[in-house]
1. Select from segment 228-256 the residues that are surrounded by 13 or more Cβ atoms within 10 Å (Cβ to Cβ), over 16 Å from Met276 (Cβ atoms) and within 32 Å of the chain's Cα centre (by Cα) and list them in ascending order.
2. Quick one: is Val73 part of a loop (DSSP other than H, G, I, E, B) and in contact with an Asp or Glu (Cβ under 7 Å, 6 or more places away or on another chain)?
3. Please give the strands (runs of 3 or more DSSP E) falling wholly within segment 213-278 in which 3 or more residues are closer than 30 Å to Gly88 by Cα.
4. With respect to Ala208, determine if the residue is within 24 Å of Asp52 (Cβ to Cβ) and surrounded by 18 or more Cβ atoms within 10 Å (Cβ to Cβ).
5. Being without any contact (Cβ under 8 Å) to a residue 60 or more places away in the chain, in a strand (DSSP E or B) and small (Gly, Ala, Ser) is the filter; apply it to segment 86-125 and report the residue that is surrounded by the most Cβ atoms within 10 Å (Cβ to Cβ).
6. I'd like the residue in segment 193-205 that is in contact (Cβ under 8 Å) with a residue 24 or more places away in the chain and polar (S, T, N, Q) and, out of all such residues, is surrounded by the most Cβ atoms within 10 Å (Cβ to Cβ).
7. Is there any pair linking a residue in segment 126-153 that is farther than 12 Å from Ser114 by Cα and in contact (Cβ under 8 Å) with a residue 24 or more places away in the chain to one that is part of a loop (DSSP other than H, G, I, E, B) and among the polar types (S, T, N, Q), with Cβ under 9 Å and at least six apart or on different chains, and which?
8. Looking at (1) in a helix (DSSP H, G or I); (2) buried (at least 17 other Cβ atoms within 10 Å of the Cβ), which is the one condition that is false for Glu190?
Amino acid sequence: MKTLKIAIQKSGRLNEKSVELLKNCGLNFENYKSSLISPVSNFPLEILFLRDDDIPEYVQDGIADLGIVGENVIQETEVEVSYLQRLGFGKCSLKIAVPNNTSIESVTDLNGRSIATTYPAILSKYLKNLNINAEIRTISGSVEISPGLGLSDAICDLVSTGGTLKSNGLRPFADVMSSEAVMIGRPGSENDDLIQELIQRIQSVLRAKETKYVVLNAERANLPKILELLPGVKSPSVVPLAEENWVAVHTVIPERDFWSRISQLKQAGAQGIVVMPIEKIIL
């Protein structure tokens, strides 16, 4: 059997979450910081630990079959790869930010101005689409200090919480793109059976994170009202209890609806509600 290779970030904001995801998929491997390759003992897979900027090109060139990397890196490197699965972590936005005391009030005010960034390709496309003629100054790091040093009138950088911008006297001005971690492969790789097996494992973990497993007791007379509130994966399971006219209902609830549904269930007559995390959901 062939062995797949998946490239993930060696260090940085996506490394920990990528390792956690793969381990939650039941893959056994060592996460040595000094190692560039780690074999998986219970699946035909090797994990490559790389710089995030290198991951898209490794996948495009066939050195790695798969990669986990931020959308911003993919767009900046302008490679030809397929998005196989959005992963739901590493969410951030690429924004243009300006000093608090600037005279720049609208996007058109960027005409003739200078913008410092580590993402010149993405920024160039954004400005071109808006017919903005601004000077792009490519900087490798510490972009946020550029306006204060007189190097630029604005910056374009990744923003998660906005704390770094605020501490440097900057405010978000325009959204360039949203980004999150995605699993990528070469075009057509989604048809590979082994890759599909790995994607299925990943999807089962992601589904589980979005749901809670709920068990509750209810009088049978209240069951219709309760079932209306519980869609489940297909439909809730109803099990008779030893006490006459009482049942136990087993189901899953989406995380986003959890607290509102619990309140509604109690009002509908649910009792003894037990909530448990789910490891995996396989459809």
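1. Correct list: Leu229, Pro231.
2. no
3. Per the criteria, 246-254, 271-277.
4. no
5. Within segment 86-125, the match that is surrounded by the most Cβ atoms within 10 Å (Cβ to Cβ) is Ala116.
6. Among those that are in contact (Cβ under 8 Å) with a residue 24 or more places away in the chain and polar (S, T, N, Q), it is Ser204.
7. Val143/Thr118; Val143/Ser152; Glu144/Asn168; Gly148/Asn168
8. (2)
The values are calculated or read from the model by the stated rules, or taken from the named source; none is laboratory data. Worth saying up front: this structure is predicted, and the values here are computed from it rather than measured. Glycine gets a Cβ as well: all are built from the backbone with ideal geometry, and neighbour counts include every protein chain shown.
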